[in-house]
Amino acid sequence: MRRHGIARALTQARLDWSWERADSAWYIVDLSNRASIELHCQWGFAEVARAEKFHTTSFTGGVGLLLQAKQPTED
């Protein structure tokens with residue numbers, strides 16, 4: 001079911017929920033998951049750190065990314 005907009009819709013819903021509660025959103029992902037990284041970059045997620053493990057999360061490819069997006073401001 002790739003490329004049908006489902007991940008985009010779910011990500012937008014997650015961020016809409018997040019923006020009602022916080023000024024930033026965080027996301028961790030395996031470095032090899034390029035499709036998910038590219039999707040999240042559309043909402044301004046940017047890399048904050050990379051590591052073999054974040055707390056209890058380890059990564060199949062050996063490296064994970066921690067990304068953050070700030071809530072968009074209305075001009």
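General observations
- Of everything listed in (1) part of a loop (DSSP other than H, G, I, E, B); (2) among the basic types (Lys, Arg); (3) surrounded by 13 or more Cβ atoms within 10 Å (Cβ to Cβ), the single unmet condition for Arg2 is (3).
- Those residues of the range 17-52 which are among the charged types (D, E, K, R), surrounded by fewer than 12 Cβ atoms within 10 Å (Cβ to Cβ) and more than 24 Å from Gly5 (Cβ to Cβ), in sequence order: Arg21, Asp23, Glu52
- All positions within the range 9-56 that are under 16 Å from Pro72 (Cβ atoms) and either touching a residue at least 60 places away in the same chain (Cβ under 8 Å) or of a type in the set (D, E, K, R) (or both): Arg14, Asp16, Glu20, Arg21, Asp23
Since every read-out is calculated from the coordinates, none of them should be taken as a lab result. This one's a predicted model, so the numbers in the text were calculated from it and none came from an experiment. When we count neighbours, we look across all protein chains shown, and the Cβ atoms used for this are built from the backbone with ideal geometry, even at glycine.
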